[in-house]
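All of the numbers you see were taken from the coordinates with simple rules; none came from a lab. Because the structure is predicted, anything quoted here is derived from the model rather than measured. Note: ideal-geometry Cβ built from the backbone for every residue, glycine included; neighbour counts use all protein chains shown.
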Amino acid sequence: MLIFTFCVTVKSEGFGPIEDAEQVVREYFLLKNEKNVDKLSSLLVTNDSLSSIEEQLKYLDKTSLIYIKEETNESILNAYLKHNELINQQNLKVYKVNYEISYNDSSPIRYKNGMYESWFFVVRKNNNSKWLIDINDIH
């Protein structure tokens, strides 16, 4: 009796990214509500803004993601790429995010309840690396 076996190798674009870029943004909001600074820091390119995030979380009651939409405007993408030459367009996703924040009564005046809209720049080093948020002006 003869048994033939064979193996087929196919190239798939789906195996590259460890996480979906949009999911990283959604996770950011979940972790802010949990006030989980350690896990939040794992979603960020650098921890430079971590102390300001920690300060904000002291007063945060809740943040709610209203909508998230991928931004495809070439001028926004190119503006980011111009100042971040180590990233190429394939490894950059920009999301326009609308969200609501409520702070507790003891929060300083700089933290205001309300609706906010921000761009989230989500980057990765290459097709096999994890998507991370590059903090710019995110509340």
- Filter on 39/96; 58/93; 69/112; 35/130; 58/125 - keep pairs with C-alpha separation over 27 Å: 58/93; 58/125
- Task: Search the structure for amide H atoms under 5 Å from the amide H of residue 44, placed 1.01 Å from N in the peptide plane, and list their residues when 5 or more places away or on another chain.
- Result: 133
- Item | Calculated P(r) of the stretch 77-139 - Cα pairs past 14 Å, % | 63
- Mind ordering 20-26, 118-124 by average Cβ neighbours within 10 Å, highest first? 118-124, 20-26
